[in-house]
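**Q** Attaching a single structure in structure tokens format; questions to follow.
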Amino acid sequence: MSADPEVLDVAVIGGGPAGISACLELCSHAGLRIALFEGEQELGGMPRSCHIFFGLRDRKRLYTGPSYARKLDKLVRKTGVNICTGFRVLNIFPGLPGERHELHVLSPEGPKSFQSRFVLLATGCFESSRSERLLPGTRPSGIFTTGTLQQLVNLRGLKPGNRAIIVGSEHVALSSVLSLRHAGTSIGGMVEKDTELHTYASVATLMSRLFSFPLFKNAAIRRIIGNKRVEGVELLLGDSGEALQIECDTVVMTGRFRPDSSLIDGTPIAKDPCTLGPAVDTNLMTSVPNIFAAGNVLRGADMHDLCALEGRLAARSILRVMQTPTPGATPSILVRAERPIRYVVPQRIMPGPKRLLSKFLPWPEIQLERTLARPTLEAWSGEERIWQGSYLKLIGNARIPIPIEKFRWNRVHPDLGVTLRVTQGNF
């Protein structure tokens with residue numbers, strides 16, 4: 001590592017919407033030494049290879065993914081932020097209270113080290129691979145994640161195959177439909193193991209009719225067929241287990257995103273066992289003082305304009321701590337979730353008035369393992385129910401805000417915290 005570490009006020013790790021938006025907000029405070037680290041050669045993150053519907057909530061207009069990424073890149077390059085593309089952060093060494101945190105970075109010129117008062121983790125997420133999904137069958141070519149598919153089609157102009165099967169029905173599956181059709185690849189079907197889709201059913205149904213492909217609900221991949229190249233898949237349909245073989249030369253694995261949080265492994269930064277990302281409080285601070293996190297590193301994939309707003313909130317929290325002469329620990333309540341709730345973010349909340357931007361970025365949020373019809377959500381503290389809400393339908397793998405302003409906080413025991421659970425609904 002370099003003999004004399006470069007000293008910073010704020011180190012932002014990740015050049016996607018959350019990281020760039022945080023830098024733009026931090027620049028409102030003149031004189032800060034800010035560095036933005038991005039392992040790739042270009043800024044923008046996932047939107048660089050995506051389609052439409054970006055920027056409405058943070059930039060107040062609609063962009064395509066590439067134009068949204070270019071806009072953020074252009075804005076941040078007009079600031080005094082030290083933009084470090086091609087710099088991969090290898091390790092974080094949190095300092096003691098009041099000390100700087102140290103980063104070890106691999107740059108195009110070789111290893112370097114930095115010391116920073118504040119660190120913001122905005123490293124994003126990645127999709128689960130075929131091996132992580134434990135799908136049986138051979139290992140032929142022609143199997144892609146959504147991210148790989150979009151890079152092939154939208155960045156390189158390549159056609160992934162002639163006929164594809166899409167596995168999963170989260171929102172990102174709809175993006176895969178657009179990428180495949182843009183490349184001229186027909187679609188043999190979308191396969192979802194649950195009885196309900198994990199996206200907006202009306203939109204998925206419209207796409208299936210428009211592009212002439214079936215939706216297979218309550219179905220599972222029994223095996224992938226093919227040796228050198230995918231030749232087809234065998235599905236198990238419904239509770240009967242009826243087998244259906246579909247010819248295809250491409251399989252796209254969508255969804256099941258996981259935070260890219262390997263940087264906190266082996267550090268004192270607490271990791272949430274449900275999200276596998278860093279646990280944070282309402283200010284987006286982790287368990288280590290002055291280390292914050294925002295965006296998809298907290299929970300896997302979310303809408304990119306929401307990640308941008310979250311990056312902005314993290315930056316405001318950093319500025320607020322900077323302006324507090326002797327910041328102390330802010331009282332907060334631990335929040336847990338029971339299945340079929342997949343997670344809750346943030347994991348520690350502070351009772352009080354609504355936050356800034358709460359209209360656009362309501363918090364805290366939960367995500368369900370699957371879509372539920374007519375569920376009732378409840379919040380408990382020990383044996384005391386402090387809130388209840390009934391819904392017509394809640395979509396799985398989607399952001400669901402929890403109205404904490406309606407909680408009976410005077411009934412919450414600080415040592416017991418709050419537990420969120422589903423008490424009714426079609427499981």
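**Q** Out of Val119, Val81, Val76, Val167, I need the residue that is open to solvent by less than 70 Å² (accessible area, probe 1.4 Å), over 30 Å from Thr185 (Cβ atoms), within 21 Å of the chain's Cα centre (by Cα) and not polar (S, T, N, Q). Which one?
**A** Being open to solvent by less than 70 Å² (accessible area, probe 1.4 Å), over 30 Å from Thr185 (Cβ atoms), within 21 Å of the chain's Cα centre (by Cα) and not polar (S, T, N, Q) holds for just one of Val119, Val81, Val76, Val167, which is Val119.
**Q** How about the range 9-34: which of its residues are surrounded by fewer than 24 Cβ atoms within 10 Å (Cβ to Cβ) and among the polar types (S, T, N, Q)? Can you show your working first?
**A** Narrowing the range 9-34 to residues surrounded by fewer than 24 Cβ atoms within 10 Å (Cβ to Cβ): 9, 24-25, 27-33.
Within the range 9-34, Ser28 is the sole residue that qualifies.
**Q** I would also like to ask the following. Take Pro278 and decide whether it is over 19 Å from Val172 (Cβ atoms), open to solvent by less than 10 Å² (accessible area, probe 1.4 Å) and modelled with pLDDT of 95 or more.
**A** Details: over 19 Å from Val172 (Cβ atoms): yes; open to solvent by less than 10 Å² (accessible area, probe 1.4 Å): yes; modelled with pLDDT of 95 or more: yes.
Criteria met by Pro278.
**Q** Please enumerate the residues belonging to the range 80-119 that are under 18 Å from Val297 (Cβ atoms) and not in a strand (DSSP E or B).
**A** Within the range 80-119, Phe87, Pro94 qualify.
**Q** Which of the following residues is under 20 Å from Cys307 (Cα atoms) and either in contact with a helix residue (DSSP H, G or I) (Cβ under 6 Å, 6 or more places away or on another chain) or modelled with pLDDT of 95 or more (or both): Leu106, Leu121, Leu90? Steps first, please.
**A** On the way: Leu106 fails: under 20 Å from Cys307 (Cα atoms); Leu90 fails: under 20 Å from Cys307 (Cα atoms).
Of the residues listed, the single one that is under 20 Å from Cys307 (Cα atoms) and either in contact with a helix residue (DSSP H, G or I) (Cβ under 6 Å, 6 or more places away or on another chain) or modelled with pLDDT of 95 or more (or both) is Leu121.
**Q** Among the listed residues Met303, Met253, Met285, Met322, which satisfies the condition of being without any contact (Cβ under 8 Å) to a residue 60 or more places away in the chain, touching a Phe, Trp or Tyr at 6+ places or on another chain (Cβ under 9 Å) and of a type in the set (A, V, I, L, M)? First the steps, then the outcome.
**A** On the way: Met303 fails: without any contact (Cβ under 8 Å) to a residue 60 or more places away in the chain; Met253 fails: without any contact (Cβ under 8 Å) to a residue 60 or more places away in the chain; Met322 fails: without any contact (Cβ under 8 Å) to a residue 60 or more places away in the chain.
Exactly one of Met303, Met253, Met285, Met322 is without any contact (Cβ under 8 Å) to a residue 60 or more places away in the chain, touching a Phe, Trp or Tyr at 6+ places or on another chain (Cβ under 9 Å) and of a type in the set (A, V, I, L, M), namely Met285.
**Q** Right, next: So, in the range 35-59, of the ones that are open to solvent by 10 Å² or more (accessible area, probe 1.4 Å) and assigned to a strand (DSSP E or B), which residue ends up nearest to His304 (Cα to Cα)?
**A** Phe54
**Q** In the set Pro364, Pro375, which member is touching a Leu at 6+ places or on another chain (Cβ under 6 Å), touching a residue at least 40 places away in the same chain (Cβ under 8 Å) and not β-branched (Val, Ile, Thr)?
**A** Values: Pro364 fails: touching a Leu at 6+ places or on another chain (Cβ under 6 Å).
Selected residue: Pro375, the only one of Pro364, Pro375 that is touching a Leu at 6+ places or on another chain (Cβ under 6 Å), touching a residue at least 40 places away in the same chain (Cβ under 8 Å) and not β-branched (Val, Ile, Thr).
**Q** Does Ala22 qualify as being of a type in the set (A, V, I, L, M) and modelled with pLDDT of 95 or more? Even if it seems obvious, please write down each step before you answer.
**A** Numbers: of a type in the set (A, V, I, L, M): yes; modelled with pLDDT of 95 or more: yes.
Criteria met by Ala22.
**Q** Continuing with this model, one more query. Which members of the range 369-411 meet the condition of being open to solvent by less than 20 Å² (accessible area, probe 1.4 Å) and in contact with a Pro (Cβ under 8 Å, 6 or more places away or on another chain)?
**A** Leu372, Gly389, Leu394, Ile402, Phe407
**Q** Another one. For the range 174-208, which positions are surrounded by fewer than 18 Cβ atoms within 10 Å (Cβ to Cβ), assigned to a helix (DSSP H, G or I) and in contact (Cβ under 8 Å) with a residue 24 or more places away in the chain? Steps first, please.
**A** Our first condition is that a residue be surrounded by fewer than 18 Cβ atoms within 10 Å (Cβ to Cβ); within the range 174-208, this holds for 178, 181-182, 184, 186, 193-195, 200-203, 205-206, 208.
Retained after the next criterion (residues that are assigned to a helix (DSSP H, G or I)): 178, 181-182, 201-203, 205-206, 208.
Of everything in the range 174-208, those that are surrounded by fewer than 18 Cβ atoms within 10 Å (Cβ to Cβ), assigned to a helix (DSSP H, G or I) and in contact (Cβ under 8 Å) with a residue 24 or more places away in the chain turn out to be Leu178, Arg181, His182, Val203.
**Q** Can you tell me which residues in the range 213-248 are closer than 12 Å to Pro140 by Cα and free of Cβ contacts under 8 Å to residues at least 60 places away in the same chain?
**A** Matches in the range 213-248: Gly232 only.
**Q** Hey, among Leu178, Leu174, Leu149, which residue is in contact with a His (Cβ under 8 Å, 6 or more places away or on another chain) and within 26 Å of Gly65 (Cα to Cα)? Give the steps one after another, and end with the answer.
**A** Details: Leu174 fails: in contact with a His (Cβ under 8 Å, 6 or more places away or on another chain); Leu149 fails: in contact with a His (Cβ under 8 Å, 6 or more places away or on another chain).
Answer to the check: Leu178.
**Q** Related question: Can you confirm whether the range 37-60 contains a residue that is free of Cβ contacts under 8 Å to residues at least 40 places away in the same chain and hydroxyl-bearing (Ser, Thr, Tyr)?
**A** The answer is no, given that none of the residues of the range 37-60 is free of Cβ contacts under 8 Å to residues at least 40 places away in the same chain and hydroxyl-bearing (Ser, Thr, Tyr).
**Q** Which condition breaks for Leu236 when tested against (1) open to solvent by 40 Å² or more (accessible area, probe 1.4 Å); (2) touching a strand residue (DSSP E or B) at 6+ places or on another chain (Cβ under 9 Å); (3) at pLDDT 95 or above?
**A** Just one mismatch for Leu236, condition (3).
**Q** Please verify whether the range 141-156 includes one or more residues that are open to solvent by 40 Å² or more (accessible area, probe 1.4 Å) and either in contact with a strand residue (DSSP E or B) (Cβ under 7 Å, 6 or more places away or on another chain) or within 25 Å of Leu313 (Cα to Cα) (or both). Step through it out loud before you land on a result.
**A** First pass over the range 141-156, keeping only residues open to solvent by 40 Å² or more (accessible area, probe 1.4 Å): 141, 143, 148, 151, 154-156.
Checking which are either in contact with a strand residue (DSSP E or B) (Cβ under 7 Å, 6 or more places away or on another chain) or within 25 Å of Leu313 (Cα to Cα) (or both) leaves us with 141, 143.
Within the range 141-156 (the criterion being open to solvent by 40 Å² or more (accessible area, probe 1.4 Å) and either in contact with a strand residue (DSSP E or B) (Cβ under 7 Å, 6 or more places away or on another chain) or within 25 Å of Leu313 (Cα to Cα) (or both)), the answer is yes, since at least one residue qualifies.
**Q** Another one. Counting only residues that are of a type in the set (D, E, K, R) and assigned to a helix (DSSP H, G or I), which one in the range 288-320 is surrounded by the fewest Cβ atoms within 10 Å (Cβ to Cβ)?
**A** Among them, the one singled out is Arg320.
**Q** Something else about it: Please state which of the following conditions Asn227 fails to meet, knowing it meets all the rest: (1) over 25 Å from the mean Cα position of the chain (by Cα); (2) loosely packed, with under 13 Cβ neighbours inside 10 Å; (3) within 28 Å of Pro340 (Cα to Cα); (4) not aliphatic (A, V, I, L, M).
**A** (3)
The values are calculated or read from the model by the stated rules, or taken from the named source; none is laboratory data. A quick note: this is a predicted structure, and the numbers were derived from the prediction, not measured. Methodologically, a virtual Cβ is constructed for each residue, glycine included, from the backbone with ideal geometry; neighbour enumeration extends over all protein chains shown. For the accessible areas, the whole protein counts, side chains as well, though only heavy atoms, and no ligand, DNA or RNA atoms are used. Shrake-Rupley method; radii C 1.70, N 1.55, O 1.52, S 1.80 Å.
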